[in-house]
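The values are calculated or read from the model by the stated rules, or taken from the named source; none is laboratory data. Computed from a predicted structure; not experimentally measured. Cβ placement follows ideal geometry from the backbone for every residue including glycine, while neighbour counts extend to all protein chains displayed. For the accessible areas, the whole protein counts, side chains as well, though only heavy atoms, and no ligand, DNA or RNA atoms are used. Shrake-Rupley method; radii C 1.70, N 1.55, O 1.52, S 1.80 Å.
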Amino acid sequence: MHATIRRYEGIDTTRMNEVTGKVNETLVPQLRKLPGFSGYYLIEAGNGVLSSLGLFETSEQAGESTKIVSKWITDENLNTAIPNAPKITSGKVVAQSNGVAVA
């Protein structure tokens, strides 16, 4: 499994509800259609910061998701709400837990 974390800073806080609404309405459905999709999470960190976590089977699929997100920002006319390119961390997941205790 591969993960991509994107950290967006400088988001227009007056448009935060618009951004998060569009993520749920139009971005998540696009990501779900990608081969290898395993999950997507959006975190509102406050102070104009959003972070996302995308999970995919391969690094190529995770890379494709970054292209989709970039195009989505333009297509949804969110360039002024999300004015800065994200800081991206991407790589192989080397440890994980699903929260279930093993007896």
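Miscellaneous remarks
- Pair list, Cβ < 8 Å and 6+ apart or interchain, from the stretch 63-86 residues that are within 12 Å of Tyr8 (Cβ to Cβ) and in a helix (DSSP H, G or I) to residues that are open to solvent by less than 70 Å² (accessible area, probe 1.4 Å) and among the polar types (S, T, N, Q): Val69/Ser52
- Filter result for the condition that a residue is among the small types (Gly, Ala, Ser), open to solvent by 30 Å² or more (accessible area, probe 1.4 Å) and closer than 16 Å to Ala3 by Cα, over Ala62, Ala95: Ala95
- From the options Pro35, Pro29, Pro83, residue that is out of contact with any strand residue (DSSP E or B) (no Cβ under 7 Å at 6 or more places or on another chain), surrounded by 12 or more Cβ atoms within 10 Å (Cβ to Cβ) and not basic (Lys, Arg): Pro83
- Selection within the stretch 1-26: residues that are polar (S, T, N, Q) and open to solvent by less than 60 Å² (accessible area, probe 1.4 Å). The member of this set that is nearest to Gln61 (Cα to Cα) is Thr4.
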